[in-house]
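Asks: What follows is a single structure, and I will ask about it in a moment.
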Amino acid sequence: QLVKGRCAMQVREALTIVGGLSRPSKMPAHGYSIPARACATGSKLREQPGTVCSGCYALKGRYVFPNVAAALERRLESLHDPRWIEAMSLLINHYEGKPGRGYFRWHDAGDIQSVEHFANICEVARRTPTVRHWLPTREYRIVSQARAAGVAIPANLTVRMSAHIIGGKVPTGF
């Protein structure tokens, strides 16, 4: 199969590149998660009682099973692969771009790692226009820096800024 003069990436290759997809039990579709220990803001909040990260669910339960932990690590490493955008777009369109599907959850574990990571997620959302993406995050600074750098958030990507304190105010201006 040819796409724009070259061989199309296959689903199996895309799964290898991105480290696989997650399947959050409380979501109607696939997701993408990385280790919670890689959260920049969350790793600081985990040390403070009363914060939403102090009892982080992604550091216990099924997330610590060896096979799950290995998958989270593979996904974290995959963020540096130059084929990541293409592979993620292919997988999301393959699994969630079908009628009756159409949802994708970013980071049920872990969070945005950098402006480049956020920009890449935005590009994946642009390349999967029939899918509604949900990205909850505590990385306010990264999102602000990305927006200041001209990264446009596509209409099919909902970026939800989460409060740091249990019962606390959700940030405004996003």
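The values are calculated or read from the model by the stated rules, or taken from the named source; none is laboratory data. As the structure is a computational prediction, the values presented were derived from the model and not from experiment. Counting neighbours? That spans all protein chains shown, and the Cβs are built from the backbone with ideal geometry, glycine included. Ligands, DNA and RNA are stripped out before the accessible areas are found, and what is left, the full protein with its side chains, is counted by its heavy atoms. Shrake-Rupley method; radii C 1.70, N 1.55, O 1.52, S 1.80 Å.
Asks: Could you list all residues from the range 36-64 that are outside any loop (DSSP other than H, G, I, E, B) and either open to solvent by less than 20 Å² (accessible area, probe 1.4 Å) or among the aliphatic types (A, V, I, L, M) (or both)?
Replies: Ala36, Ala38, Ala40, Gly42, Leu45, Thr51, Ala58, Leu59, Val64
Asks: Within the range 146-169, track down each residue that is open to solvent by 80 Å² or more (accessible area, probe 1.4 Å) and under 18 Å from Trp106 (Cβ atoms).
Replies: Arg147, Ala155, Arg160
Asks: Could you check how many residues of the range 119-135 are touching a Phe, Trp or Tyr at 6+ places or on another chain (Cβ under 8 Å) and either surrounded by fewer than 21 Cβ atoms within 10 Å (Cβ to Cβ) or part of a strand (DSSP E or B) (or both)?
Replies: 5
Asks: Follow-up question, since we're still on this one. Do we have any residue at all in the range 21-35 that's assigned to a helix (DSSP H, G or I), open to solvent by less than 80 Å² (accessible area, probe 1.4 Å) and either basic (Lys, Arg) or closer than 19 Å to Thr137 by Cα (or both)?
Replies: no
Asks: Restricting attention to the range 12-20, does a residue exist that is of a type in the set (Ser, Thr, Tyr) and under 25 Å from Ile142 (Cα atoms)?
Replies: The answer is no, given that none of the residues of the range 12-20 is of a type in the set (Ser, Thr, Tyr) and under 25 Å from Ile142 (Cα atoms).
Asks: Also, quick follow-up: Looking at (1) closer than 24 Å to Arg138 by Cα; (2) part of a helix (DSSP H, G or I), can you tell me which one Leu91 breaks?
Replies: (1)
Asks: Something else: Could you please tell me which pairs satisfy a Cβ distance under 8 Å, a separation of 6+ or placement on different chains, a first residue in the range 12-28 that is closer than 12 Å to Ile92 by Cβ, and a second residue that is assigned to a helix (DSSP H, G or I) and polar (S, T, N, Q)?
Replies: Matching pairs, first to second residue: Val18/Ser78.
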